[in-house]
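Data block below; observations after.
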Amino acid sequence: MTIVKDSTDDTTKHEYTALVTGFGFFGEIPITAGLIAKLLPSSLASKDPLNPSGKNIAILGPKADYAAIPAEFGTIRRRTKELHTELGSKVDLWIHLGQWAQDWVTCERRAFRQDFLSTWNLHNGDKHYYSSPDSLGKNIDDAGPNPWLDVPLGLHSEVPVDATVSGANEQLARHGEKKGDQPLRVASHFEAGAHGCGLIFYESMANCYVQGRKRDVLFVHVPPGTDQDRLEKGKEAVLAIIGSAIAALVNRKLMTKEDFVRTLALTP
């Protein structure tokens, strides 16, 4: 496996591109993430109230098949690699949506390789990550040999997560106040977990790693629920995260190397 270094860091862009994926059904159970991904617009204007970046943002995914990737480990690995191979140099921000049984939205910080073991992963006991059955009843070992042995066991997003979360909550609060409605809260979280959510996050960052690109990837957990109000609030939260993440990426490019290292040192 050849790992190359990123040689581009354009600070003059006026339009950015975000690619968003979601998951389809788990058996016969619809996954909210895919429903929200399909509701997203194809662009987010620079003056949109949910976009603090001041940049026009093209959004890839709402009409594509990857808005609802099957919850199957083998398909997740294959489709993620295809997307990075085809669109890697054209995408500024990768966002993968998944579902978690909570009443708020989370931006995950990290993901782990399939041979990772942890004491906090109570569902799998002493088994490695992604060993629970997917929607086909298979685990990650059924997807073939581990292709990432030359990649670190754990990878963290290089998107400034704290700035993204803070910005998203600020935009959502203003938007909710104007609408007279209570928006979903956005929070950061340590890692994306030991199932399909963690897998697609790690796979996406690993593809960035070996292609020499910054890991400008976020995994976002949205609450369950398929009623129109919940889906609309989920959509607004994702748009606020996209706008705030792009704002954070623009600001990151303006930081000195010393500032950037200091920021990473403070990241939990």
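Read the figures in this text as sums done on the coordinates, not as results from a lab. No experiment lies behind these values; they were computed from the predicted model shown. Note: ideal-geometry Cβ built from the backbone for every residue, glycine included; neighbour counts use all protein chains shown.
For the range 176-262, just say rounded, prolate or oblate: build the C-alpha gyration tensor, square-root its eigenvalues into a ≥ b ≥ c, call rounded for a/c under 1.5, and beyond that prolate if a/b exceeds b/c, oblate if not. Oblate. In terms of the Cα gyration tensor, with a ≥ b ≥ c the square roots of its eigenvalues, is the range 151-191 rounded because a/c is under 1.5, prolate because a/b exceeds b/c, or oblate? Note, shape of the range 151-191 comes out prolate.
Under the shape rule built on the C-alpha gyration tensor, where the axes satisfy a ≥ b ≥ c, the range 131-223 is oblate, since a/c reaches at least 1.5 while a/b does not exceed b/c.
Taken as Cα centroids, the range 185-217 and the range 36-104 sit 13 Å apart, rounded to the nearest whole angstrom. For the range 6-154, the Cβ-based charge dipole about the Cα centre amounts to some 240 debye (Lys, Arg positive; Asp, Glu negative; other atoms uncharged).
With contacts taken as Cα pairs under 8 Å and at least 6 residues apart, the chain reaches a relative contact order of 29 percent.
Where does the longest stretch of the chain lie that holds no chymotrypsin sites (Phe, Trp or Tyr not before Pro) found in a DSSP loop with 16 or fewer other Cβ atoms within 10 Å? That gives 121-268 as the longest site-free run.
Across the range 212-220, rounded Karplus estimates of 3J(HN,Hα) from the backbone phi angles (6.51 cos²θ - 1.76 cosθ + 1.60, θ = phi - 60°) give x, 9, 4, 7, 7, 10, 10, 10, 10 Hz, Gly and Pro being marked x. Taking 0.36 nm per residue of separation and subtracting the current Cα-Cα distance, fully stretching the chain between ASP227 and LYS13 would add 73.3 nm. With contributions of -39500 (n - 2.57) from each DSSP H run of at least four residues, the per-residue ellipticity at 222 nm computed over the chain stands at -11500 deg cm²/dmol.
Counting only trypsin sites (Lys or Arg not before Pro) that sit in a DSSP loop (anything but H, G, I, E, B) with at most 14 other Cβ atoms within 10 Å, what is the longest stretch of the chain containing none of them? Before the final figure, lay out the partial values.
Numbers: sites that count: LYS5, LYS13, LYS47, LYS63, LYS127, LYS138.
Looking at the chain, 139-268 is the longest stretch - no exposed trypsin sites (Lys or Arg not before Pro) with at most 14 other Cβ atoms within 10 Å.
Computed over the range 73-229, relative contact order equals 45 percent, with contacts defined as Cα pairs under 8 Å that lie 6+ residues apart.
Between beta-carbons, use under 10 Å as the cut-off and find the net charge around VAL222, counting Lys and Arg +1, Asp and Glu -1.
+3
Rounded to the nearest 20, the Cβ-based charge dipole of the chain about its Cα centre (Lys and Arg +1, Asp and Glu -1) stands at 480 debye.
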